[in-house]
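Below: one structure, written as structure tokens.
The values are calculated or read from the model by the stated rules, or taken from the named source; none is laboratory data. What you see is a predicted model, and the numbers here were worked out from it, not measured in a lab. As a convention, Cβ positions derive from the backbone with ideal geometry for all residues, glycine included, and neighbour counts pool all protein chains shown.
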């Protein structure tokens, strides 16, 4: 068993969008668990769907009227409206009580998200940014369409069209930037990197502290 719900990165340009949210899942209909909302401690309702492999786990092992730490894939279909896909749960005390060393809480805290992809939009003066995520081909060889993750935070314009790694924190219906790392310029069709001379940009941006809560 892994000691963390978010797996380590195995490739420098590895795309992903994954996070954890603690809340009570409420299905829209009693006989249909796949669609519903995730209700957090502050009363925010997050539109949520449950991926098929989690349904059996929910039915057999979880008290559905209690909050759990869900492993989720975020989507931003509308501005200021977060959509979640439940892909798992992090609760070793319930699911693997015989496993020593794994705790139900994470050092990063609740509502932590890791997003890696191409920075396609950044507007520092308004604190807006958008990252494009490409998905792995399906088993039948087809390629899912890329999707975009919107976030609040400041990344300088010079890093546009670079591959970035973002550490985000959910606040209500939005994801807020806490740290970022610029991995490399995105390659063009001709093989050269965007950003000039194939230069790789590295570095870590400043932590962005939220009111009343420190960043990781």
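Summary of values
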{"quantity": "Flag for residue 102 being touching a residue at least 24 places away in the same chain (Cβ under 8 Å), assigned to a loop (DSSP other than H, G, I, E, B) and within 21 Å of residue 18 (Cα to Cα)", "calculated": "yes"}
{"quantity": "Scope the stretch 58-72; condition touching a helix residue (DSSP H, G or I) at 6+ places or on another chain (Cβ under 8 Å) and buried (at least 16 other Cβ atoms within 10 Å of the Cβ); matching residues", "calculated": "62"}
{"quantity": "Any hit, the stretch 140-150, residues being out of contact with any strand residue (DSSP E or B) (no Cβ under 6 Å at 6 or more places or on another chain), surrounded by 13 or more Cβ atoms within 10 Å (Cβ to Cβ) and either within 12 Å of residue 168 (Cα to Cα) or at pLDDT below 95 (or both)", "calculated": "no"}
{"quantity": "Extreme residue, surrounded by the fewest Cβ atoms within 10 Å (Cβ to Cβ), among residues of the stretch 99-134 that are within 26 Å of residue 186 (Cβ to Cβ) and within 12 Å of the chain's Cα centre (by Cα)", "calculated": "114"}
{"quantity": "Residues within the stretch 3-39 that are under 28 Å from residue 146 (Cβ atoms) and free of Cβ contacts under 8 Å to residues at least 24 places away in the same chain, tallied", "calculated": "8"}
{"quantity": "Selected residue [assigned by TED's automatic domain parsing to the domain that holds residue 87, at pLDDT below 90 and either surrounded by fewer than 16 Cβ atoms within 10 Å (Cβ to Cβ) or in contact with a strand residue (DSSP E or B) (Cβ under 7 Å, 6 or more places away or on another chain) (or both)] from 35, 53, 75, 2", "calculated": "53"}
{"quantity": "Among the candidates 129, 145, 157, 168, residue that is in contact (Cβ under 8 Å) with a residue 60 or more places away in the chain and out of contact with any helix residue (DSSP H, G or I) (no Cβ under 9 Å at 6 or more places or on another chain)", "calculated": "168"}
